[in-house]
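What follows draws every value from the coordinates through simple rules; no lab data is involved. Because the structure is predicted, anything quoted here is derived from the model rather than measured. Cβ coordinates were reconstructed from backbone atoms using ideal geometry, including for glycine residues, and neighbour counts include every protein chain displayed.
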Amino acid sequence: MICISVTPESRRLAKVDILNAARQCDLVEVCLDHLVKEPDVAEMLEGFDTPILVSCRRPEDGGKFKGTEEQRLGLLRQAIVAEPDYIELEFDIADKIPRYGNTKRVVSYTKLNEALGNVDSIYEEAVARKADVVKFTWKTDTIDEAWAMLAAINKKREQPVVGLGVGKSSRMLSILGLRYGAPWTYAALERGMEAHKDQATLFELDEVYDSSHINSKTRFVGLIGFGDREATSVRIFNSGFSQLDLPTRCLPIHLGRTDKVHQMLEVLKINALVVNPELGPKALVLADTVDSAARQGDCADLVFKQADGWHAYNIVWKNALRALEETLGKSSSDERPLDKRNIVVIGAGGLSQAIAYGIQRRQGVLSIAAPDDDEARQIAQMFGVRHIPFSSLYDRLFDVAILADSSLKGGSHRDELNPTIFRPGMTVMDVSRMPEETDLLGEARQRGCKVVEPKDVFIAQVSSQFQSMTGQELPAEAVASVLG
């Protein structure tokens, strides 16, 4: 069951927000603390068939209420007399607002600045305060911090438990709540209307994570790292799983300490991890065995559990260089298009290291540059190749330029890449934000460069990852449904 949190500031528009949410979910949470003026709660809630939960949180509990505590209690008493389906009451005030009518009491315990333990004793105290549902809210930036929350919602109890994580792992908890049968999981109506930072929107849960098809039989593939590129990958993977009738979906994971991650993955029955290449170095510590590409490039983008332990692989370099070679063109006399070509990889991090590894294997004449000269110098030393100071890039001529860092920006400032580096006849590949075409790649195209299409590299990458995970080819319809 999905609960959409609405945070109206205007009494006049509050009913519009509730109506919009009610059409798309099973339960609407109306957060009174965002309202600028005190509302007539009964009038606000009148006329809706979708169940409604009312809350009014203090700033220390993640809310926006600016009045006195007595005013807040008065608003909650007014709300419960209006008989919504649920009302949320914090631990310390639950005894001050008695049960009324058929409204169910959600007794909540919040800890925003630290992870929480001792869940069982807190649960017992909440039940003693006449809770119909117990709600836990606390900091969940990493999987370690979210683990106690998962234990709280997964355990069979007399009264149901709802978990609301605040932080980067909140999406993971929302999805696992669906998997383990929590009474509901929270979502924002749209971006900008979140009840707290990092809260998933309804679109993300539905269109990205395919929440309507997650149930007790769902198995997960872990995804480490999350941005626009990963969101697109997840949509394609989940579409592919659906079209092949596989009970598998993607679960975003934010790593913290790695000493207990294997145990957590075992409990979640996760046997495969897809890794953002820029976070690839961090994923290596999860593996017992590392292939040569991942080891020499210090970057993994796939980690699998096999009979003898966890294995780390790097495949992005193959897909990127295959697309680059096809763009350069092969012939019977030119089976190695990169051989002896003057190639510069611009960027620092796991992705640039993976590409550098591949260039060396293809016998390209490799140079490394990045806005941070120290980081670029370290990568160049790792591969035993030339480092070019960032400010000196414009004095050199290259056959191929590869942009491999999502933090790269075009411009004329010291730490920005000036598009004058692109000259007619040069071949440019930008894998930093695939499948998107960046402004820098657009500049290269306009200046007469031959361009490797980032969409082609991206499709090859997700197709390889999908086949590695499932042993089946990624359906073309899965790609078309997302990328068009």
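Working note: Karplus 6.51/-1.76/1.60 with θ = phi - 60° gives region 419-425 the couplings x, 5, 5, 7, 10, x, x Hz, where Gly and Pro are set to x. Taking label positions 7 Å along the Cα-Cβ direction at both K260 and K409, the computed distance is 3.9 nm, reported to one decimal.
Return a whole-number percent for the relative contact order of the chain, with Cα pairs under 8 Å and 6 or more residues apart as the contact set. Could the numbers behind the result be given before it?
Details: 981 pairs, mean separation 40.3, N = 484.
The normalised contact order for the chain reaches 8 percent.
Taking every DSSP bridge with both residues inside region 318-452, close to 5 percent are antiparallel.
How far, in nm, would the chain grow between S392 and N102 when pulled straight, counting 0.36 nm per residue and subtracting the alpha carbon separation? Intermediate results must be reported in sequence, preceding the final value.
On the way: separation 290, 0.36 × 290 = 104.40 nm, distance 7.28 nm.
Full extension from S392 to N102 adds 97.1 nm.
Residue by residue, region 109-114 carries 3J(HN,Hα) couplings of 10, 10, 9, 8, 9, 7 Hz when phi is fed to the Karplus relation 6.51 cos²θ - 1.76 cosθ + 1.60 (θ = phi - 60°); x denotes Gly or Pro. Would you work out if region 318-452 is rounded, prolate or oblate? Take a ≥ b ≥ c from the square roots of the eigenvalues of the alpha-carbon gyration tensor; rounded if a/c is under 1.5, else prolate when a/b is larger than b/c, oblate otherwise. In terms of gyration-tensor shape, oblate.
Distances between placed amide hydrogens fall under 5 Å for K135 paired with V107, S108, Y109, V162, all partners being 5 or more residues away or on another chain. For the pairs K64/K269; K64/K130; K197/K260, note any where the Cα-Cα span goes beyond 31 Å. K64/K269, as the Cα separations exceed 31 Å there. Ordered by the number of other Cβ atoms lying within 10 Å of each residue's own Cβ, fewest first, R58, R249 fall into the sequence R58, R249. For the chain, the antiparallel share of DSSP beta bridges with both residues in that region comes to about 15%.
Of the GluC sites (Glu not before Pro) found in region 131-197, the ones in coil according to DSSP and having at most 12 other Cβ atoms within 10 Å of their Cβ are E158.
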